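Trainee: One structure, as structure tokens, below. Some questions next.
The values are calculated or read from the model by the stated rules, or taken from the named source; none is laboratory data. For clarity, every value in this text was computed on a predicted model and none was experimentally measured. Quick reminder, even Gly has a Cβ in these numbers, built from the backbone with ideal geometry, and neighbours come from all protein chains shown.
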């Protein structure tokens, strides 16, 4: 089978559908893999790395869509990409069709067989391709929230001021050791900061 990996064109999407290790596995199994030039720039992987893994490098996404039996992506195809899909071709990517009826209609019109990562189900009912992405998104959400909070509330000074307050675990520890001892160690002002907020 000929498998194509085009560069993602969605705004601020730097991931890639397949790393050189994945390419190597497919080539060893007898498949031909074609990647778009500079497909790995966003993850620090060069065309040379893909060639070393056995991939052929194509100059444009149009070449990949025209020459391959299967397209592997990360994000849902944009309308320009949907127009390049054809009957008999397989698309393997995240789709999230419920949120984008126009994309769903374009995929139906193309005749492509579209397989969404988020719907692949294991025999035990779990979602093995969606679970790791959900874990990553959950962890990054905290960082994104902290960044937004920092920008919205005066930058580092505001974060630093909050950082002087005691954490929940510190408050619990203070109660366990006894508030009186903490008063003697820190004084009434520190006690108010740790226990009253």
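Trainee: Looking at the stretch 88-101, which of the residues that are at pLDDT 95 or above and outside any loop (DSSP other than H, G, I, E, B) is surrounded by the fewest Cβ atoms within 10 Å (Cβ to Cβ)?
Mentor: Residue satisfying both the conditions and the ranking: 90.
Trainee: Now for a different question. The conditions are (1) surrounded by 13 or more Cβ atoms within 10 Å (Cβ to Cβ); (2) at pLDDT 95 or above; (3) closer than 23 Å to residue 129 by Cα, and residue 55 fails exactly one of them. Which is it?
Mentor: Result: residue 55 passes all but (3).
Trainee: Report the residue count in the stretch 23-77 for those that are assigned to a helix (DSSP H, G or I), within 26 Å of residue 102 (Cβ to Cβ) and either touching a residue at least 60 places away in the same chain (Cβ under 8 Å) or not assigned by TED's automatic domain parsing to the domain that holds residue 9 (or both).
Mentor: Residues meeting the conditions: 2.
Trainee: Taking the condition at pLDDT below 85, surrounded by fewer than 13 Cβ atoms within 10 Å (Cβ to Cβ) and assigned to a helix (DSSP H, G or I), does residue 165 pass?
Mentor: For residue 165, the condition - at pLDDT below 85, surrounded by fewer than 13 Cβ atoms within 10 Å (Cβ to Cβ) and assigned to a helix (DSSP H, G or I) - is not met.
Trainee: Can you tell which of 107, 85 is surrounded by 13 or more Cβ atoms within 10 Å (Cβ to Cβ), at pLDDT 95 or above and assigned to a helix (DSSP H, G or I)?
Mentor: Answer to the check: 107.
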